[in-house]
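J.: Here it is, the structure in full.
The values are calculated or read from the model by the stated rules, or taken from the named source; none is laboratory data. Here the structure is a predicted model, which is why all the values come from computation and not from measurement. For neighbour counting, all protein chains shown are included, and Cβ atoms are generated from backbone atoms with ideal geometry for every residue, glycine included. Areas reflect the complete protein model, heavy atoms only, side chains present, ligands, DNA and RNA absent. Shrake-Rupley method; radii C 1.70, N 1.55, O 1.52, S 1.80 Å.
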Amino acid sequence: RKGKPSHMTPARLEKLKSIGFEFDLGRKLLSAADERWQSRLNELKEYREQFGTLRVQKSKNPSLYNWCQNQKASYRAKFKGRHSPLKKEREQALRYLGFLDYIDATS
């Protein structure tokens, strides 16, 4: 436990390490979420290459369409000063791709 005293003995710690116990799972989960997000961004790039647009049609790729809708909603919330899960790095990646050009942040 971070910042708190532990009752873990060195012997128990070694046993857990020997069976491959993951102590820093929070960081690993965050990394997995970032990997999933990056994978979706790459899928969006492929969609643009295939169809010539970043306006994903629900009929062509429903899951990517939903992801795009979530990114738009997160961007609008952030623009309006509300809580948003859209990190600065992700916003920059979407902006660089040109995806945010399609969004009316005031609506």
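J.: Residues of the range 67-90 being farther than 16 Å from Ala33 by Cβ and surrounded by 11 or more Cβ atoms within 10 Å (Cβ to Cβ), which ones? Let's see the steps before the verdict.
T.: First, the residues of the range 67-90 that are farther than 16 Å from Ala33 by Cβ: 68-69, 72-73, 75-83.
Answer for the range 67-90, where residues must be farther than 16 Å from Ala33 by Cβ and surrounded by 11 or more Cβ atoms within 10 Å (Cβ to Cβ): Cys68, Gln69, Lys72, Ala73, Tyr75, Arg76, Ala77, Lys78, Phe79.
J.: Moving on. Is it the case that the range 25-34 has a residue that's farther than 30 Å from Arg12 by Cβ and either at pLDDT 95 or above or open to solvent by 80 Å² or more (accessible area, probe 1.4 Å) (or both)?
T.: No, there is no match, as no residue in the range 25-34 is farther than 30 Å from Arg12 by Cβ and either at pLDDT 95 or above or open to solvent by 80 Å² or more (accessible area, probe 1.4 Å) (or both).
J.: Is there a residue being modelled with pLDDT of 90 or more and part of a loop (DSSP other than H, G, I, E, B) anywhere in the range 92-105?
T.: yes
J.: Follow-up question, since we're still on this one. Only residues in the range 70-99 that are on the phi > 0 side of the Ramachandran plot count as the first member; pair them with residues that are of a type in the set (Lys, Arg) and assigned to a helix (DSSP H, G or I), Cβ under 9 angstrom, at least 6 apart or cross-chain, and list the lot.
T.: Gly98/Arg48
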